[in-house]
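The values are calculated or read from the model by the stated rules, or taken from the named source; none is laboratory data. Only a predicted model underlies this, so the values are computations on that prediction, with no experimental measurement involved. In this analysis, Cβ positions are derived from the backbone assuming ideal geometry, glycine residues included, and neighbour counts consider all displayed protein chains. Ligands, DNA and RNA are excluded from the accessible area calculation, which covers all protein heavy atoms including side chains. Shrake-Rupley method; radii C 1.70, N 1.55, O 1.52, S 1.80 Å.
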Amino acid sequence: MIVITLPDGNQKTFEHPVTVAEIAASIGTGLARAALAGRVEGVLVDTSFTVKQDAKVSIITDKDEDGLSLIRHSTAHLLAYAVKQLFPEAQVTIGPVIEDGFYYDFSFKRPFTPEDLAAIEAKMAELAKKDEPVVRSEMPRDEAVAFFSQMGEHYKAEIIASIPSNEPISLYREGGFIDLCRGPHVPSTGKLKVFKLMKVAGAYWRGDSKNEMLQRIYGTAWAKKEDLEAYLHRIEEAEKRDHRKLAKQLDLFHLQDEAPGMVFWHPKGWSIWQEVEQYMRNVYRNNGYQEVRCPQIIDKSLWEKSGHWENYQENMFITESEKRVFAIKPMNCPGHVLIFNSDLRSYRDLPLRYGEFGSCHRNEPSGALHGIMRVRGFTQDDGHIFCTESQIQSEVIAFHSLVLKVYQDFGFTDVSVKIALRPEHRIGDDRVWDLAEAALRNGLDACDTTWQELPGEGAFYGPKIEYHMKDSLGRSWQCGTMQVDFFMPNRLGAEYVDEDNSRKTPVMLHRAIVGSFERFIGILIENHAGALPFWLAPTQAVVISITERHVEYAREIQQTLSRAGFRVISDLRNEKITYKIREHSLQKLPYQLIVGDKEMQARTVAVRTRSGSDLGVMTLDSLLALFREERANRR
């Protein structure tokens, strides 16, 4: 007798081993039709999986997060099936699930065209309609290598050959297509009804630029048609908000091949930068940070001591002078330790907080560069706190409150928290990692917040809290971080004199709020669709004269507002007023101030917002009060 315990605590008994599909059927025909997979004792399995002993079992449907992931995973296989049907000479490689969809990489003699994508998508729909069973089987590794080699699938054979020989190889077959996969998968292709192929891009085999360039087909899959339509609408909105397009339209910055991954900031874009930097400088000043500045180029020996040379060298730009090897700094932390070491520190000095708007360079692959979101040269609001172990919790609490306040000021109120835990390649022993991870958990516990844990995603020198903020399209961006580091201060010889006159090593907390200024400004541009809030807008208002009679009065208004510290321009051209209004509306200026005969005689201005609202006529004093309130409240 086998006892199956369901999520609601109810139990079902079976006289013989039973499959997940049979368990679902025993609960109800509706659930049997909806079942995509099962979870047995916490492990995700196919509906064909046989339960042979007492177990806790839940049935996965498309209403579950796991169900949507299964749909996407299985749709990636359906894509490969369709490609092989249409292009038998194509070789399949890998096809994982990604956020909002999936991709599959192919080796093929010519580039896939948009017409090919349409044909592949149509073939996928045809194969899904056949509702062919998806069947799992196993094969010894060497036999599987020979099997795929004989089929001409050399990439699959290479993947399987890299798997330990004692591990069984699981395969999934649907119709005439068979693929390597751990699974699980949906029970049949008929479960895959809502999908769309999005684009083709290049991707190196195994991510190595020395290998062949493959063709990566991206797709998306959903449980319901309306979910797909909502997703496509978000994609359309995201394209309209693309910071690269808006930067050209609004004259903010540009990038070019003479400096790949580096940004040429134009006056308007640099104005946004300065507002962000000065805001963050006040954050430093008001929260006990001392601003510092470190050299850009530092001898290789420091990076060897810090561990970066061993763990990060491939991402560093290297230069030589007088037979010495130097690295352009990819991060600021070792330099801050050297500043700490420049004097004898006491326990009374701790916590000691350094902040730097540190310019860093990282040798990112050219294919990974993306506007100002992913660059090779960037500046961080980088801070490092030197403290005792007992001070970690209070510093985490203070930082948590601070980062949420900063994001709120920039217009982000939906923020999630995650802890990235020890990675496979790391320095130090597990005892110290246990301390570091516990310190972060305890700090967040004291903040009465919830978080998600990310095993294996910490830095090589310590775990970190990550702050992910959602923008107006619901996209999540990870910017802020707080990392506990017990190792680097010790490796670089940092010490302080404790209360008992003994020498001790401080704990180092690495922290950033906006992270890369470039990336954060890109996020701001896209979040606001270029219509930045008043306090950040490069140009906050334009004074527009209706005719030449009003030019001098318009200049007077513009100069008065500029002297009051506002970024205001004037448009005195001999053009129609409707033309001027439309042009400045396209530039997304917060305010347009129009002056004609009535305004000049009454010493007032007519005020329009960029949304088209008419605020009526205001005196200059009333307008100044409005602007000061907007700037102060960061509305």
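Evaluate the following for Tyr104: is it touching a Pro at 6+ places or on another chain (Cβ under 9 Å), surrounded by 19 or more Cβ atoms within 10 Å (Cβ to Cβ) and not hydrophobic (A, V, I, L, M, F, W, C)? Give the derivation first.
Details: touching a Pro at 6+ places or on another chain (Cβ under 9 Å): yes; surrounded by 19 or more Cβ atoms within 10 Å (Cβ to Cβ): yes; not hydrophobic (A, V, I, L, M, F, W, C): yes.
Criteria met by Tyr104.
Show me the strands (runs of 3 or more DSSP E) found entirely inside the stretch 272-386 where at least 1 residues are charged (D, E, K, R) and crowded, with 21+ Cβ neighbours inside 10 Å.
Strands (runs of 3 or more DSSP E) meeting the threshold: 352-361.
Only one of Ala230, Ala259, Ala221 is open to solvent by less than 50 Å² (accessible area, probe 1.4 Å) and assigned to a helix (DSSP H, G or I). Can you tell me which?
Ala230
State yes or no: is Leu86 at pLDDT 95 or above and surrounded by fewer than 17 Cβ atoms within 10 Å (Cβ to Cβ)?
Against the criterion (at pLDDT 95 or above and surrounded by fewer than 17 Cβ atoms within 10 Å (Cβ to Cβ)), Leu86 qualifies.
List pairs: first residue in the stretch 553-567 and free of Cβ contacts under 8 Å to residues at least 60 places away in the same chain, second residue open to solvent by 40 Å² or more (accessible area, probe 1.4 Å) anywhere in the structure, Cβ distance under 7 angstrom, at least six positions apart or on different chains.
Here the result reads Tyr553/Met600; Ala554/Ser570; Ala554/Leu572; Arg555/Ser570; Gln558/Ile569; Gln558/Ser570, each pair linking the stretch 553-567 to a residue that is open to solvent by 40 Å² or more (accessible area, probe 1.4 Å).
Which condition number does Pro351 fail, the rest of (1) at negative phi; (2) modelled with pLDDT under 95 being met?
Among (1) at negative phi; (2) modelled with pLDDT under 95, the lone unmet condition for Pro351 is (2).
One line per residue, one yes/no per condition, for (1) exposed (fewer than 12 other Cβ atoms within 10 Å of the Cβ); (2) of a type in the set (Val, Ile, Thr); (3) touching a Gly at 6+ places or on another chain (Cβ under 8 Å):
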| residue | (1), (2), (3) |
| --- | --- |
| Ala25 | no, no, no |
| Gly30 | yes, no, no |
| Ser69 | no, no, no |
| Thr93 | no, yes, no |
| Ile98 | no, yes, no |
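List the pairs whose first member sits in the stretch 195-213 and is closer than 12 Å to Tyr155 by Cβ, whose second member is open to solvent by 60 Å² or more (accessible area, probe 1.4 Å), and whose Cβ atoms are under 7 Å apart, counting only residues at least 6 apart or on separate chains?
As it stands, the answer is Trp205/Glu212; Asn211/Tyr204, since those pairs meet every condition given.
May I ask you to say which residue of Gly428, Gly462, Gly458 is farther than 30 Å from Asn282 by Cβ and in contact with a strand residue (DSSP E or B) (Cβ under 6 Å, 6 or more places away or on another chain)?
Residue meeting the stated conditions: Gly458.
Output the residues belonging to the stretch 1-23 that are within 40 Å of the chain's Cα centre (by Cα) and crowded, with 16+ Cβ neighbours inside 10 Å.
Passing the criteria: Thr19, Val20, Ala21, Ile23.
What do you reckon, is Ala76 of a type outside the set (Ser, Thr, Tyr) and open to solvent by 10 Å² or more (accessible area, probe 1.4 Å)?
Criteria not met by Ala76.
Pick from Lys268, Lys240: which is open to solvent by 80 Å² or more (accessible area, probe 1.4 Å) and basic (Lys, Arg)?
Unique residue meeting the criteria: Lys240.
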